[in-house]
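Each remark here refers to the structure printed beneath this line.
The values are calculated or read from the model by the stated rules, or taken from the named source; none is laboratory data. Values in this document were obtained by computation on a predicted structure and should not be read as measured data. Here the Cβ positions follow ideal geometry from the backbone for every residue, glycine too, while neighbour counts run over all protein chains shown. For accessibility, only protein heavy atoms count, side chains too; no ligands or nucleic acids. Shrake-Rupley method; radii C 1.70, N 1.55, O 1.52, S 1.80 Å.
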Amino acid sequence: MVRTVTPSIVARWLEVKDETVCRWIHSRSLPALNIGTRGKAPRYLIFRKDLAIFLRDRGMTDERVQDILGPN
């Protein structure tokens, strides 16, 4: 199973704009790994476990988180 997802995928799953996910990343609410190379635009990967924690911290039920992310 893929353990990371891109901000665009998270945005699609949560039905928000890509910019919203990037804002969460920039504010450090949603941890992400920047895999962009030096001097280029950032490219983020989000670990599924971090996304699950992020969603639960915002009041999402475990069942809904599992619906979004799939089984662990």
From the options ALA32, ALA11, residue that is on the phi < 0 side of the Ramachandran plot, without any contact (Cβ under 8 Å) to a residue 24 or more places away in the chain and within 12 Å of the chain's Cα centre (by Cα): ALA11
Positions within the range 16-60 being farther than 20 Å from PRO71 by Cα and aliphatic (A, V, I, L, M), in sequence order: VAL16, VAL21, ILE25, LEU30, ALA32, LEU33, ILE35, ALA41
Which listed residue is touching a strand residue (DSSP E or B) at 6+ places or on another chain (Cβ under 7 Å), outside any helix (DSSP H, G or I) and at pLDDT 95 or above, from ILE46, ILE25: ILE46
Filter pass, ASP18 being touching a Ser or Thr at 6+ places or on another chain (Cβ under 8 Å), open to solvent by less than 70 Å² (accessible area, probe 1.4 Å) and acidic (Asp, Glu): yes
In the range 3-15, the residues that are in contact with a helix residue (DSSP H, G or I) (Cβ under 8 Å, 6 or more places away or on another chain), closer than 17 Å to VAL65 by Cα and open to solvent by 30 Å² or more (accessible area, probe 1.4 Å): ARG3, THR4, TRP13, LEU14
